[in-house]
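Worksheet: one structure, shown below.
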Amino acid sequence: MLGGVATLTLNRPGSRNALNLAMCEDLRKAAQGLDASVRLIFVRASGPAFCAGADLKEREGMDAAQVRHRRLKAFEAYAALEQLPMPAVAVVEGPAVGSGCEVAAACDFIVATPAASFRIPEALRGTVGATQRLPRILGKRLAKDLMFTGRTLSAEEAERHGLVSRLVVPEALEATLEGIAKAVVSAPPEALRLAKRTLDRGVERDPRGALEAEIAAIEEQLAAGAWMGKQ
């Protein structure tokens, strides 16, 4: 892979990469510890599952305060990924359940293979979670369908509804990622940073506010002398 590209790997394959407290902390620290030389992040996983969700075994015996602490640490990990200034791409090659959907959705877009799938069974397990990002991506009604029934969204259906940006066969995955890396690394980093910021802020505003955010980004570029690749 090209220089300037970093990979964050969910690496508890023996537990299907279930998200425990230590993994939440590691993910947050890894995301927040990236330096300015990194231009692109891939978030991948070891083993056949992307992430089986929260580690339910760890939760056994926890009191309410411990469960609250663990949940807040997970939110911090998702936010750290979402707030990265450079593009972050989730590479999903297997099931993403609950917290796994949150990790993938916190990235800028998802590249998946046909073995990927997405499921958010929190409500069926007696808890609340994954209620914010997915409705914004999939729409409220489909998100409710997934949440209330626990059904699995296949990679093909996820692509159809915009959760997955690129669906590729395993044999083409690495070449696809290499192409993404070349495009991102060759682009002016400040332009990508501002484009990402403006997109993220713009979708939360009305059209007038979104346009104001774009104009502010253009003014920031001009003031810094960073325009049309002149950096």
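The values are calculated or read from the model by the stated rules, or taken from the named source; none is laboratory data. Computed from a predicted model, the values in this text were never measured in an experiment. Methodologically, a virtual Cβ is constructed for each residue, glycine included, from the backbone with ideal geometry; neighbour enumeration extends over all protein chains shown. Please note that ligands, DNA and RNA were not included when accessible areas were found on the heavy atoms of the full protein model with its side chains. Shrake-Rupley method; radii C 1.70, N 1.55, O 1.52, S 1.80 Å.
Do the conditions hold for Leu19, that is, is it in contact with a Ser or Thr (Cβ under 6 Å, 6 or more places away or on another chain), at negative phi and open to solvent by less than 30 Å² (accessible area, probe 1.4 Å)? Spelling it out, Leu19 is indeed in contact with a Ser or Thr (Cβ under 6 Å, 6 or more places away or on another chain), at negative phi and open to solvent by less than 30 Å² (accessible area, probe 1.4 Å). Taken over the range 54-66, residues that are open to solvent by less than 70 Å² (accessible area, probe 1.4 Å), under 23 Å from the mean Cα position of the chain (by Cα) and not small (Gly, Ala, Ser) amount to 1. Taking residues in the range 130-150 that are in a helix (DSSP H, G or I), and partners anywhere that are open to solvent by 20 Å² or more (accessible area, probe 1.4 Å) and of a type in the set (A, V, I, L, M), the pairs with Cβ atoms closer than 6 Å and at least 6 places apart or on different chains are Met147/Ala123. For Cys51, the conditions (1) closer than 11 Å to Cys107 by Cα; (2) open to solvent by less than 10 Å² (accessible area, probe 1.4 Å) are fulfilled apart from (1). What residue, among those in the range 181-217 that are modelled with pLDDT under 85 and of a type in the set (Lys, Arg), is farthest from the chain's Cα centre (by Cα)? Only one residue fits best here, namely Arg208.
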